[in-house]
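Read the structure below first, then the notes.
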Amino acid sequence: MPLISSFLILIMLAAAAAALAFDDLLSSIIAAGLVSLTAAVLFYFLKAPDVAMTEAAIGAGLTTAIFVLALFKTERGKSE
Amino acid sequence: MLNFLEEWSFFGGSILLIFIGLYGVLSRKNMIKILISLGLMDTGVNLLLVALGYVEAANAPIINSVNPSNAAAFVDPIPQALVLTSIVIGTAVLALGLALVMKIYDKYSTLNISEIRGLKW
Amino acid sequence: MVNLTLIIALPLLMAFTMPIFKMLNSKLPKFIALLTTAFNLIVLSSNFTEIMAAPLILELGGWQAPFAINLYVGPLALVAAFLINGSAFILSIYNLSQDYQFDDKFYLLFLMITAGASGMVMTGDLFNLFVFIEITSIAAYSLTTFAGGSSYEASFKYLIIGGVGSVFLLLGIGFTYSAVGSLNLAEIAASAGLINPLLLQITALLFLIGIGIEAELFPLNFWVPDIYTEAPTAVSGIMSGAVSAAGIYALARIFFTLFPAQQFFNYLLVIGVITLIMGELIAYQQENIKRMLAYSSLAQMGLIVTVISLGTEAAVKAGLFQLINHSILKVLLFISAGVLISAAGSKKIKDLAGLGTKKPTAAFGFTIAAMGILGVPFLNGFISKFMIISSSLNADQFLITFLILAAALIEIAYYLKVVQKLYFEDLEIEVKNTAVITVPVILLTLLIIGLGVYPQLIAEPLEKAAAEILNNSRYIMTVLGGI
Amino acid sequence: MKFRNLIALVITAAFALIILQAFTITPAAGEITLNEFGKADINNRTAQLYLNKSVNTDNKKVIYQESKNLESGSANIVTSVVANYRSFDTLGEITVLFLAAAGIGVVLNLENSKKKKFAADDSSLILNTGIKLLFPLLLLAGTYIFVYGHLSPGGGFQGGAVIATAFLLKMLSDNKFEIKEISITLVESTAGISFVGLGLYGLVTRGSFLENFMATGTVGQLFSAGIIPLIYIAIAFKVGAELTNIVKNLIEA
C-alpha cells in the first residue's frame with residue numbers, strides 16, 4: 001500500500017509537470033485531469049471517500065470538461 | 001520505514017504540487033495554462049489538508065456495518081469537510097476565470113498575456 | 001434587539017430570490033438592495049447598546065461556542081460592520097439612478113459583496129473567514145466586469161492573485177489546525193503559546209499573504225489600481241469603503257489575537273510604511289483620476305496598517321478613526337468622481353477642468369472629501385490625522401512620524417491639483433447628463449462635518465474597540481467562557 | 001523569456017524554502033507542544049467531539065442502527081460536519097458557486113449575443129443512443145448519492161455534480177436538447193431559498209441559525225439525522241443547477 005501511494009504521487013507530480021511543459025493545450029488539460037484523477041485515488045487511500053468522490057466528479061470530471069469547452073471556444077475553435 | 005515513506009511522500013508530494021502550480025502561475029504566458037496551474041495549486045493544498053488529518057491504521061469516518069461503533073479509530077473528518085468546500089470553491093473560481101479568458105480572447109484573439117495590454121507584468 | 005445573524009442571512013435570502021424579483025418587476029432589484037442594506041443598518045443599531053456593554057457571541061447551528069462556527073461581534077466588529085453596511089447603503093442610493101445591464105445579477109452580487117465583508121468581520125472561525133473572503137472576492141471579480149471595456153483583464157488579474165492568495169491562506173489554516181486541532185480563533189489563540197515559534201512565523205506569513213490581498217498591502221496590491229479604475233463607480237466605492245476595511249479588520253483580528261508578539265507588528269509596520277510611501281508617490285504621477293484615487297486608497301491602507309501596528313492604545317484608536325474616515329471619504333470621492341467622469345466623458349484629470357460650475361454637487365462632494373482627506377480643520381480627517389501624529393510621536397517613532405507627514409504633503413499636492421482644475425480652469429466641453437447624487441452627498445457631508453466638529457460622537461465605540469482588540473485574553477475568555 | 005522563468009523559479013524556491021521548514025520542525029527535548037506537526041492526534045482535536053457526537057451532550061457510545069436521538073444523527077461523520085456542525089460554511093460555499101454562475105452569465109453577456117451550439121451536428125448515432133441510455137442512469141445515480149449522503153460516502157455536492165454531468169453529456173450529444181434558462185433559475189432560487197429558509201426556521205424556533213429542529217432518529221437509518229437530508233437535497237439541487245448553468249453558459253457562449 002505505501003508503495004502504491006508513493007508511486008501514484010510520483011505519477012501525479014509527473015503529470016503536473018507535463019501539464020506545464022506541454023505546448024499543446026489539450027494535452028495540458030488532459031494531464032491536469034490526470035492529476036485530479038490520481039489525487040482522487042490518493043484521497044481514497046487517505047480514507048476520505050467523500051473527498052475522493054467529489055474530486056473525481058467535480059475536480060477531474062467537470063473541471064476538465066469546462067476547460068476543454070473553453071479551449072474549443074477560443075484557440076481550437078479558430079484554427080479548425 | 002514504510003509508514004514513514006508513505007506519510008512523507010504525501011506531505012512532500014502535495015507541497016511539491018503546490019509549488020509546481022505556483023511556478024506555472026508565475027512563469028506561463030498562456031491564460032488557460034495559468035488557470036491550469038491554479039487548479040494544480042488547489043489540488044495540492046487539498047491533498048495536504050487531508051493528509052494532515054490522516055491517522056495511521058484508522059477507518060474512514062463513517063459508522064456503518066463495517067465499523068458499527070465510534071469506538072474504532074477514525075481519521076479526522078474536519079479536514080475532509082473543509083476540502084469538500086475548498087474543491088467546490090476552487091472549481092467555481094476556475095470556471096469564472098475561463099469565462100473571463102473567453103471574453104478576453106474575443107477581444108484580442110490571443111491567449112498570450114504578453115500580447116494583452118493590462119495583463120503584462 | 002434583532003438577531004445579528006440576519007445581517008448575513010437576509011442578504012443571502014434576498015440574493016437567492018433576486019432572479020424571481022426581476023421576473024416580477026425589472027425595477028424591483030435595486031429597491032430590494034436598498035431596503036436590505038437599510039434593514040442591516042437597523043439591525044446593527046438595535047444591537048448597539050448591548051454590544052457596547054459586552055461582546056456578543058452568536059452560536060450557529062446551536063453548537064456550543066468554541067466547537068463549531070460562531071460569530072463574534074464586539075465593539076470593533078460592530079464599527080466595521082457599520083462601515084461596510086453604511087457604505088453599501090449610500091452606494092445603493094447612488095445605484096438608484098444607475099442602469100445596469102443585468103440588474104438582478106448586479107444587485108445580487110452587490111448584496112453578496114456586502115454580506116461577505118460583514119461575514120469577514122463577524123466570524124470567529126478561521127475557515128469561515130476563508131469562505132467569506134472567497135464570497136467577497138468572487139463577487140468582486142464578477143462585479144468589475146459590469147463596466148465592459150478593459151475590466152475583463154483587470155478582473156482576470158485579480159482572480160489569479162486572489163486564487164493564489166486563497167491557496168496560501170488555506171495552507172495557513174491547515175498548518176494551524178494541524179498544530180492546535182481547532183479552527184476557532186479563540187481556541188487557537190489560547191494555545192498559540194504552545195505552537196512552535198518557527199511554525200507560528202510561517203503561518204503568520206501565510207495569513208499575511210492570504211489576507212493582505214484583501215487589505216491591499218504591498219506587494220500584493222498590484223491588482224488594486226486596475227480594478228478601481230475599470231470597475232463601475234459603485235463597485236470601486238464598495239471595494240474601497242467596505243472590502244478593504246473588512247480586510248484590515250481581519251488582518252488586525254488575526255494578528256492581534258493569534259500573533260500578539262512585537263516582531264510580527266514590526267513586519268506589519270515595515271509593510272505598511274512601504275505601502276504608504278509607494279502609494280502616495282505613484283498617486284502623485286497619475287493622470288487618470290480613478291487611478292489616482294486607487295493609489296491614494298492604497299496609501300491610506302498602508303497608513304492605517306502602519307498606525308495600528310504601532311500597538312499602543314492611542315495609535316490603534318487613531319488608526320480605527322482613520323479607517324472610518326477613509327471609508328466615508330472614499331465612498332464620497334468615488335461617487336463624485338464617477339459623476340464628474342461621466343459628465344466629461346473622460347477619466348483624465350485634465351479633461352475635468354471647469355466642471356466645478358457645471359456639475360456643482362459632484363464637484364462640491366469631491367472637494368469636501370478631498371479636504372477631509374487632507375486634514376482641513378473642522379472636517380473628520382483633521383481629527384484622525386492629529387491623533388495619528390500625536391500617537392506616533394508618543395510611541396517615540398520619529399522616523400515613522402516624519403514619513404507619515406511627508407506622505408501627507410504629497411497627498412495635499414495631488415488632491416489640490418484636481419480641485420484647482422475643477423474650479424480655476426475652464427475647458428469648453430459639452431457636459432453629459434449624469435446620475436443625481438444629491439442625497440448621498442448631503443448625507444456624507446453631514447457625516448464628515450459632524451465627525452470633524454464633534455468627534456465625541458464615536459469616542460465611546462472607538463475607545464472600546466481599541467481596548468478590545470489589544471486585549472486578546474479578554475477575547476479568549478469571552479468566547480471560551482468557563483471552559 | 002528565460003528571465004521570466006528564472007524569476008518565477010526564484011520566487012517559488014523562496015516560498016518553498018520558507019514553507020518546507022514547517023516539515024522539519026521536531027520538538028526539542030522538554031519542549032511542550034500540542035501536536036507534533038503532521039502527526040494527527042484526534043484526541044486533542046475538535047474532531048473527537050464530532051466523532052463522539054458530544055458537542056452539546058455527554059459522551060456516549062454511538063452504535064450503528066441502535067443509538068437514538070443523538071445531537072447529530074448522521075452515520076457519515078463528514079456529512080454531519082458539512083451539513084450540521086459546520087453547515088454555515090456550506091451555505092457560504094454554495095453561495096460562492098451561485099455567485100460564480102451569476103458572474104459567468106454576466107461576463108459572457110449571453111442576453112445580447114446569439115446563442116450558439118456546440119459543434120455536435122455530426123454526433124454519431126451510437127453516441128447519441130448511448131447517452132440517451134446513460135442519462136436516466138446518471139440522474140438515478142446522482143439522486144442515490146445525495147439521498148444516502150448521511151449514510152454512505154457522497155452527498156449533495158457529489159450528487160449534484162453527477163446530475164450536472166448528465167446534463168452536460170446530454171447537451172453535448174443532442175443538439176435539440178435545450179434547458180430553459182427560467183427552469184434553471186427557478187431550481188437554483190428555490191433550492192437556495194429553502195436552505196436559508198431551513199436556517200431561518202431554526203433561528204425562529206430554536207434560537208440559532210441553521211439549528212436542527214427535527215428528531216435525529218436512529219443512526220444508520222434512511223429517515224434519520226434531522227435536517228441533514230433536507231439540507232443535502234437543497235444542496236444537491238442547488239449545486240446541480242449551478243453547475244448545469246455554468247456548463248450551459250460556456251457551451252452557448
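Before moving on, here are some points about what is shown:
- Per-residue packing, averaged as other Cβ atoms within 10 Å, sorts the ranges D:161-167, C:456-462, C:299-305 into the order C:299-305, D:161-167, C:456-462, beginning with the highest.
- In degrees, nearest ten, helix C:262-285 long axis to first principal axis of chain C (Cα): 10 degrees
- Partner lysines for C:LYS464 [C-alpha distance under 24 Å; skip if fewer than 8 residues away on the same chain]: C:LYS317, C:LYS385
- Selected from D:GLN221, D:GLN158, D:GLN48 as most flexible by GNM, with chain D as the system and alpha-carbon contacts under 10 Å: D:GLN48
- Principal-axis tilt of helix C:380-394 within chain C, Cα atoms, nearest 10 degrees: 40 degrees
- Selected from C:MET278, C:LEU194, C:SER391, residue furthest toward positive end of dipole (the protein assembly as shown; charges at beta carbon): C:MET278
- With 5 Å bins from 0: P(r) over chain D, alpha-carbon pairs, percent: 1, 6, 10, 12, 12, 11, 10, 11, 10, 9, 5, 2, 1, 0, 0
- Per-residue mean of C-beta atoms belonging to partner chains within 10 Å, peptide C:267-274: 0
- Under 5 Å from the amide H of B:ASN59 lie the amide H atoms of B:ALA73, B:PHE74, B:VAL75, each residue being 5 or more positions distant or on a separate chain, with H modelled from the backbone and absent for Pro and chain starts.
- In the structure shown, the pairs C:LYS330/D:LYS238; D:LYS132/D:LYS238; B:LYS103/C:LYS432 are assessed against 31 Å; a Cα-Cα span above that value is assigned to C:LYS330/D:LYS238.
- Selected from D:GLY155, D:GLY142, D:GLY130 as most flexible by GNM, with chain D as the system and alpha-carbon contacts under 10 Å: D:GLY130
- Neighbouring partner chain Cβ atoms per residue of D:8-21, average, 10 Å criterion: 5
- Computed from phi, the 3J(HN,Hα) profile of region C:349-355 under the Karplus parametrisation 6.51, -1.76, 1.60 (θ = phi - 60°) reads 5, 5, 7, 8, 4, x, 6 Hz, with x in place of Gly and Pro.
- Cα centroid separation - region C:337-358 against region C:112-154, whole Å: 30 Å
- Quarter of Cα convex hull surface for region A:2-79, i.e. mean projection, nm²: 4.9 nm²
- Highest average packing first - B:98-110, C:259-271, A:5-17, Cβ atoms within 10 Å: B:98-110, A:5-17, C:259-271
- Its residue count N sets the reference 2.2 N^0.38 Å, and the alpha-carbon radius of gyration of the protein assembly as shown equals 0.90 times that reference.
- For chain A: relative contact order, % (alpha-carbon pairs under 8 angstrom, 6 or more apart): 26 percent
- Straight-distance candidates among the lysines for linking to D:LYS60, with alpha-carbon spacing under 27 Å and chain neighbours fewer than 8 residues away dropped: A:LYS47, D:LYS39, D:LYS68.
- Proximity of backbone amide H atoms, modeled 1.01 Å from N, is registered between C:LEU56 and C:VAL73, C:GLY74 at under 5 Å, excluding neighbours fewer than 5 places apart on the same chain.
- Over chain C, dividing the summed -39,500 (n - 2.57) contributions of all DSSP H runs of at least 4 residues by the number of residues returns a 222 nm mean residue ellipticity of -24500 deg cm²/dmol.
- Dmax and Rg, reported as Rg then Dmax, of chain C (C-alpha, Å): 21.2, 72
- By the count of neighbouring beta-carbon atoms within 10 Å, fewest first, C:MET477, C:MET120 end up ordered C:MET477, C:MET120.
- Ranked by how many other beta carbons lie within 10 Å on average, peptides B:26-32, C:273-279, C:328-334, D:175-181 from highest: C:328-334, C:273-279, B:26-32, D:175-181
- If you wrap the tightest convex hull around every Cα atom of region C:200-323 and split its volume per residue, you get 86 Å³.
- Rg/Rg_globular for region D:43-116, with Rg_globular taken as 2.2 N^0.38 Å and Rg from C-alpha atoms: 1.78
- For region C:66-208: span of alpha carbons on each principal axis (Å, largest first): 55, 34, 20
- Amide H contacts of C:THR123 (H built 1.01 Å from N, in plane; Pro and chain starts excluded): C:TYR72 sit under 5 Å, all sequence-distant by 5 or more or on other chains.
- Whole-Hz couplings from phi, Karplus 6.51/-1.76/1.60, listed for region C:416-431; x for Gly and Pro: 5, 4, 5, 4, 4, 4, 5, 9, 10, 10, 9, 9, 7, 10, 7, 8
- Rounded to the nearest 0.05, the FRET efficiency derived from the C-beta distance between C:ALA413 and D:LYS176 at R0 = 45 Å is 0.10.
- Chain D: most fluctuating residue of D:THR57, D:THR185, D:THR216 per GNM, C-alpha cutoff 10 Å: D:THR57
- Average partner coverage of C:98-108, which counts Cβ from other chains inside 10 Å: 2
- The aspartates and glutamates whose alpha-carbon is closer than 13 Å to the alpha-carbon of C:LYS421, local same-chain residues fewer than 8 away aside, are C:GLU287, C:ASP351.
- Förster radius 35 Å - calculated FRET efficiency between C:LEU443 and C:THR312, Cβ distance, rounded to 0.05: 0.55
- At least 20 Å along the helix axis (C-alpha) and Kyte average at least 0.5, DSSP helices within chain A: A:2-21, A:25-45
- Helix C:438-453 and the longest principal axis of the Cα set of chain C meet at an angle near 60°.
Values in this text are rule-based calculations from the coordinates and carry no lab data. If you're wondering where the values come from, they're calculated on a predicted model, not measured in any experiment. Counting neighbours? That spans all protein chains shown, and the Cβs are built from the backbone with ideal geometry, glycine included.
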